[in-house]
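Colleague: Pasting a structure here, questions to come.
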Amino acid sequence: MVLYYVLFPHPLIVHIGGTSEYIREDEAIQRLLDTFYTEQEVDRRHLRDQVEVVTTQNEKILKMANNNTTIRRDVEDQVRIHCVVFINEHYGLRLATAVANTWGKRCSSLAFIGRALNQITPYTIIHSNHSFYTSISDAQKVMSEAILYIKNKTFQNNDWFLFSTDTTFVILENLRLFLLNHTSLKPIYAGEISKKASGFIRPFQSGGIVFSKESLRALNLSSITSCTEKDTYELTKGLCLSINGLIDVTPIGSHGQSLMNLLPVKLLMRTKVSQEEQVSPSPYTVSVRFLSSQNMYSYEMLVYNLNPYGINKI
């Protein structure tokens, strides 16, 4: 009661239609309380509606994410890829470690091949007496050793076999999605490994090439060293793939460009701008080559950790 008289020490008089009406203090308080709780109920309903909308949106996003994860796992089970990565000993194990920590984790199985570096690593290294990066002839020898290793160790458990340099970043999900439309029972391959980049010759070879099980079975190891289609800058030509009956099915984008072994964005922009062409990489890009170890981690972050919802095109 003390609080009541502090808040309302005098009776209220309301003017209605030019006349005054006396209202008891308790009635006035009740009207104020009714108004207050009515407004609170409206606010609660509005808040509840907002929460329901946000919850529904989150459920949709979560469902999409779960569906995306389910699709990825299903494709991983259907398209098993064994990855072999050629170590460039000029950079120690920095590049190899970057591959192992990024896209290499998504291979069905993974192995590295290169000269012995006398370092303990958590990943499998096939030791070779040759360097993949010194000459084309040495690269062919290392390639033969890698193929022989696969045929003896991992051939039965996989359908596809990816050979890549450690300066290449591969988006395995896009590669699997592409291979899902092909059968490993046919002698097909996709990609290339080369020093060439938009008319320039780089110091080391870079890129990746994927073989089906049948193509690897058909590839004659003896023809690799005796191939007459040698190219000082491109390993792929030196493998005599066409002579062995292998078919090139490298994925091509809508603008006629290969979706495998693209140049880094920085280098791509330089060449395209100089040619007055628009830089528009495909969302189905399979791999990017000529990368540093820092670039490898950058692509990992951009591809797998940034997801701008609702943005279709900039």
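Only the coordinates and a few stated rules stand behind these numbers; no lab work does. Quick caveat, the model's predicted, so the values are computed rather than measured. Positions of Cβ are generated from backbone atoms using ideal geometry, with glycine treated the same way; all protein chains shown enter the neighbour counts.
Colleague: Which percent of the Cα-Cα distances in segment 81-304 go past 21 Å?
Modeller: Details: 13128 of 24976 pairs.
Here the tail beyond 21 Å accounts for 53 percent of pairs.
Colleague: In µm²/s, what is D for segment 144-266 at 10 °C and 1.306 mPa s, where D = kT/(6 pi eta Rh) by Stokes-Einstein and Rh is the Kirkwood radius from Cα pairs? Present the calculation step by step, with values, prior to reporting the outcome.
Modeller: On the way: Rh = 15.2 Å.
Estimated diffusion coefficient is 105 µm²/s.
Colleague: Taking 7 Å along the Cα-to-C-beta vector as the label spot, tell me the Tyr304-Lys196 distance in nanometres, rounded to one decimal.
Modeller: 3.3
Colleague: Let me ask something else about it. Grab the Cα-Cα distance for Asn129 and Phe204, subtract it from 0.36 nm times how many residues apart they are, and report the gain in nm with one decimal. Write out the running numbers ahead of the final one.
Modeller: Working: separation 75, 0.36 × 75 = 27.00 nm, distance 1.82 nm.
Residue separation times 0.36 nm, minus the Cα-Cα distance, leaves 25.2 nm.
Colleague: Once you have the Cα-Cα distance between Asp77 and Val265, take 0.36 nm times their residue separation minus that, and quote the gain in nm to one decimal.
Modeller: Numbers: separation 188, 0.36 × 188 = 67.68 nm, distance 3.15 nm.
That pair, Asp77 and Val265, stretches by 64.5 nm at full extension.
Colleague: Output the relative contact order of segment 81-304, whole-number percent, from Cα pairs under 8 angstrom with separation of 6+ residues. Show your work: numbers first, answer last.
Modeller: Numbers: 410 pairs, mean separation 47.3, N = 224.
Rounded, it is 21 percent for segment 81-304.
Colleague: Moving on. HN-Hα J couplings of segment 118-134 from phi, Karplus 6.51/-1.76/1.60, θ = phi - 60°, integer Hz, Gly and Pro as x?
Modeller: Once θ is set to phi - 60°, the couplings for segment 118-134 become 6, 10, 7, 10, x, 10, 6, 10, 8, 7, 10, 8, 10, 9, 5, 10, 7 Hz.
Colleague: Cut-off is 10 Å between beta-carbons; in what order do Thr70, Thr250, Thr285 appear when sorted fewest neighbours first? Present the calculation step by step, with values, prior to reporting the outcome.
Modeller: On the way: Thr70 10, Thr250 17, Thr285 21.
Listing Thr70, Thr250, Thr285 from fewest to most nearby Cβ atoms yields Thr70, Thr250, Thr285.
Colleague: For the pair Gln156 and Ser282, what calculated FRET efficiency results from E = 1/(1 + (r/R0)^6), where r is the Cβ-Cβ distance and R0 = 41 Å, to the nearest 0.05?
Modeller: Values: r = 34 Å, r/R0 = 0.83.
Plugging the Cβ-Cβ distance into 1/(1 + (r/R0)^6) gives 0.75.
Colleague: Hey, another quick one. Lys and Arg at +1, Asp and Glu at -1: add these up for the other residues within a Cβ distance under 15 Å of Asn88 and post the number. Walk me through the numbers before you get to the answer.
Modeller: Values: positive: Arg94, Arg115, Lys195, Arg202, Arg289; negative: Glu89, Asp138, Asp166.
With Lys, Arg at +1 and Asp, Glu at -1, the neighbours total +2.
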